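Contents: one structure, followed by commentary.
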């Protein structure tokens with residue numbers, strides 16, 4: 001079974017994450033499939049809009065870490081750098097895509113998958129969707145620090161520094177993380193309706209308008225800031241402290257709940 005589904009519905013291409021038994025946690029195979037699906041949608045002149053969604057109970061619980069995989073000739077730090085750069089580039093493909101991208105999210109939209117939804121041009125969330133970025137709880141960083149550019153500094157700091165995974169869809173709409181909230185049963189209907197409305201417009205005007213909007217924040221330094229933040233994430237992921245070493249030891253042996261309890265006990 002393919003972990004990425006691709007379907008054309010007239011002028012709209014639908015890309016679906018399809019690893020429902022793992023809450024669509026994005027692994028290396030899915031990243032490769034996402035790239036191929038985007039290639040197909042971008043190169044097809046009939047496609048004018050792209051919808052990204054997820055099968056099963058969630059849009060996505062985040063990105064699976066693959067750094068444990070050995071790679072002959074590369075150090076662990078080099079493998080981490082290569083993986084994070086690859087993850088970053090995939091997230092930014094939705095921002096850089098010349099065609100409008102719509103994220104249709106439900107269930108859970110967490111971690112780097114939330115960054116993908118933020119990089120989409122428009123995001124529609126089901127009422128049951130929960131957002132969050134738990135990286136700091138694991139001693140990890142943010143792959144693509146796009147949230148401050150989307151929802152503002154104060155909201156981004158609250159979401160990213162708290163590490164909660166329980167921001168609801170209405171709160172996400174209030175802070176500008178999503179454009180609309182829909183009943184779960186109507187999520188795809190609303191996403192498809194919006195996609196068709198966009199597809200009816202002049203494609204050159206749509207493409208250049210998207211480019212002009214993106215350029216406005218690129219000129220303000222967004223791209224340079226994101227690249228610099230990626231370097232910070234690499235530093236976080238490749239630096240081991242006594243606390244992170246013990247946390248990871250407990251995490252591996254006793255699970256997340258025990259590791260979080262140990263940190264709480266040793267804080268303050």
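Descriptive notes on the structure:
- Residue count for segment 153-185, restricted to those that are free of Cβ contacts under 8 Å to residues at least 40 places away in the same chain and farther than 17 Å from residue 117 by Cβ: 8.
- Condition check for residue 116: under 30 Å from residue 44 (Cα atoms), surrounded by fewer than 23 Cβ atoms within 10 Å (Cβ to Cβ) and within 17 Å of the chain's Cα centre (by Cα): no
- Selection status of residue 234, in contact with a strand residue (DSSP E or B) (Cβ under 9 Å, 6 or more places away or on another chain) and either in contact (Cβ under 8 Å) with a residue 24 or more places away in the chain or on the phi > 0 side of the Ramachandran plot (or both): no
- Among the candidates 139, 107, 111, 62, residue that is more than 26 Å from residue 43 (Cα to Cα), under 17 Å from the mean Cα position of the chain (by Cα), surrounded by fewer than 22 Cβ atoms within 10 Å (Cβ to Cβ) and in contact (Cβ under 8 Å) with a residue 40 or more places away in the chain: 107
- Residues of segment 156-178 satisfying the condition of being in contact with a helix residue (DSSP H, G or I) (Cβ under 8 Å, 6 or more places away or on another chain) and either over 29 Å from residue 251 (Cα atoms) or in a loop (DSSP other than H, G, I, E, B) (or both): 163, 164, 165, 175, 176, 177, 178
- Matching residues in segment 108-140 - criterion: being under 15 Å from residue 162 (Cα atoms), modelled with pLDDT of 95 or more and assigned to a loop (DSSP other than H, G, I, E, B): 133
- Going through (1) in contact (Cβ under 8 Å) with a residue 40 or more places away in the chain; (2) part of a helix (DSSP H, G or I); (3) surrounded by fewer than 23 Cβ atoms within 10 Å (Cβ to Cβ) one by one, residue 89 falls short only on (1).
The values are calculated or read from the model by the stated rules, or taken from the named source; none is laboratory data. Owing to the predicted nature of the structure, the values given are computational and were not obtained by experimental measurement. Note that each Cβ is placed from the backbone with ideal geometry, even for glycine, and that neighbours are counted across all protein chains shown.
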